[in-house]
Amino acid sequence: MRLRGLFTAFSAMLLLAGMFVAVHRGARGRELAQGISDLDDRQEAVDLKRQDLEARIAHLSSRPRIERAARDLGFHTPSEEELVVLDLRRRTSRAGGGSQ
């Protein structure tokens with residue numbers, strides 16, 4: 001009789017512990033799902049912001065807009081005489097002791 005009472009009490013404790021674990025895991029799962037949902041919302045907002053910024057960059061860097069801004073600032077298109085071509089390749093010095 002006494003053994004049967006202990007077995008019943010132990011079984012009840014195991015059942016309660018299992019229920020506690022199940023409820024706790026369910027709550028934790030819902031919490032994680034909410035966190036993922038929040039991150040998805042933030043990612044969507046960031047993607048929209050990135051697309052907006054890329055569109056603004058494309059607009060601001062367009063050739064007609066730059067030409068219009070240059071004209072407003074008093075710039076002009078250079079003529080052939082005004083163009084200067086710079087040779088930016090590195091020159092090797094023969095006086096520097098090179099073996100040639």
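The values are calculated or read from the model by the stated rules, or taken from the named source; none is laboratory data. These figures come from a predicted structure and were not determined experimentally. Quick reminder, even Gly has a Cβ in these numbers, built from the backbone with ideal geometry, and neighbours come from all protein chains shown.
When you go through 3, 53, 15, 48 one by one, which is the residue that is surrounded by 10 or more Cβ atoms within 10 Å (Cβ to Cβ), part of a helix (DSSP H, G or I), over 26 Å from the mean Cα position of the chain (by Cα) and not basic (Lys, Arg)? Answer to the check: 15. Go through region 62-80 and give me each residue that's in a helix (DSSP H, G or I) and either at pLDDT 85 or above or of a type in the set (Phe, Trp, Tyr) (or both). 63, 64, 65, 66, 67, 68, 69, 70, 71, 72, listed by residue number.
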